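The values are calculated or read from the model by the stated rules, or taken from the named source; none is laboratory data. Small disclaimer: the values here were computed from a predicted structure and weren't measured. Backbone-built Cβ (ideal geometry, glycine too); neighbour counts: all protein chains shown.
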Amino acid sequence: MAVGRALAQAVVSVADWLGDRLLDAALWGVSLLRCLPARVGRLGATTWRGVRGLVLFVPTAVQAWRDQGWAGLRGWLRRSVLCASVWLLTLVAQLLDLFGLGEVFCFLIRLLARVTPLTGEEIAAAAAVLGPKAVRYGDVRVAEDGLLRLVFALNRDRAFTTFYTLNLPARGFHQRANFAILLHELVHVYQYERIGSPYLGQCIYAQAAQGYGYGEEEGLHEALMTGKHLRHFNREQQAQIVQDYYTLKEQGFSVKEYLPFIAEMRAGDL
């Protein structure tokens with residue numbers, strides 16, 4: 001009898017898993033069609049910036065040489081190479097977006113880890129900060145265990161987000177029970193929805209360059225006084241601002257300096 005019940009439970013679990021994966025596969029096509037107009041628009045804007053850069057290449061090079069001689073020209077060339085590299089990487093990422101890079105990656109990672117949707121409580125709490133329509137919350141999945149155990153053993157249990165999947169360790173400060181961390185990772189989903197796959201490279205660069213620090217209340221006050229907006233902070237700083245706002249508010253501290261930036265976040269001004 002016990003063996004029969006265990007076998008039945010195993011069959012139900014496998015059937016549920018297969019059903020979820022089939023649903024993920026169906027949602028890939030739906031998401032691809034739904035996002036296609038915005039992705040084509042972003043690709044067009046990036047292509048136009050590249051064409052414009054080519055047209056202005058010689059005139060701006062001549063101007064740099066006239067203004068500062070060979071030293072100015074060398075500096076301009078270095079900056080131009082950097083800008084061209086960023087532009088090329090952005091173009092490649094946006095081309096891959098047209099074929100559903102994010103959706104395909106999410107489908108594959110969900111084959112290798114235990115995934116669950118956001119709970120109603122998590123969605124309500126996130127919507128109270130980011131806005132009810134900021135993210136397609138129903139498309140988001142939280143991935144834990146499975147192959148991710150190896151990943152978290154290597155990265156010291158640090159949460160990370162890949163497109164619509166929040167990858168969270170089962171233990172430590174970054175586990176799912178810490179909603180402030182989950183909210184931080186949801187900001188990256190928001191960034192993905194607004195700008196596409198290039199957000200991922202921008203996050204990696206942010207971690208290697210400026211990092212997460214933004215100066216907290218004093219830094220935000222100075223930013224306001226100098227006309228700085230949320231979009232002027234790097235992708236990790238943006239997520240950290242939202243995380244700290246939530247934490248301070250929950251603890252009963254003043255969040256006055258955060259409010260203008262949270263308003264910009266809710267408006268999608270990233």
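Does Ala126 satisfy the condition of being among the small types (Gly, Ala, Ser) and modelled with pLDDT of 90 or more? It is true that Ala126 is among the small types (Gly, Ala, Ser) and modelled with pLDDT of 90 or more.
Just one of the listed residues (Ala223, Ala263) is touching a Phe, Trp or Tyr at 6+ places or on another chain (Cβ under 9 Å), in a helix (DSSP H, G or I) and surrounded by fewer than 21 Cβ atoms within 10 Å (Cβ to Cβ), namely Ala223.
Which members of the range 63-94 meet the condition of being over 28 Å from the mean Cα position of the chain (by Cα) and surrounded by 12 or more Cβ atoms within 10 Å (Cβ to Cβ)? Selection gives Gln63, Ala64, Trp65, Gln68, Gly72, Leu73, Arg74, Gly75, Trp76, Leu77.
Quick check: is even one residue across the range 168-175 of a type in the set (Phe, Trp, Tyr), surrounded by fewer than 16 Cβ atoms within 10 Å (Cβ to Cβ) and on the phi < 0 side of the Ramachandran plot? Yes - at least one qualifying residue is present in the range 168-175. Among the residues of the range 212-249, the ones that are of a type outside the set (Phe, Trp, Tyr) and under 19 Å from Val86 (Cβ atoms) come to 7 in all. Screening the candidates Lys256, Lys228 for the property of being surrounded by 14 or more Cβ atoms within 10 Å (Cβ to Cβ), farther than 28 Å from Gly102 by Cα and not small (Gly, Ala, Ser) yields one hit, Lys228.
The set of residues in the range 167-198 that are among the aromatic types (Phe, Trp, Tyr) and either touching a Lys or Arg at 6+ places or on another chain (Cβ under 6 Å) or part of a loop (DSSP other than H, G, I, E, B) (or both) contains only Phe173.
State yes or no: is Arg158 among the charged types (D, E, K, R) and either surrounded by 15 or more Cβ atoms within 10 Å (Cβ to Cβ) or closer than 30 Å to Leu43 by Cα (or both)? Answer is yes for this residue.
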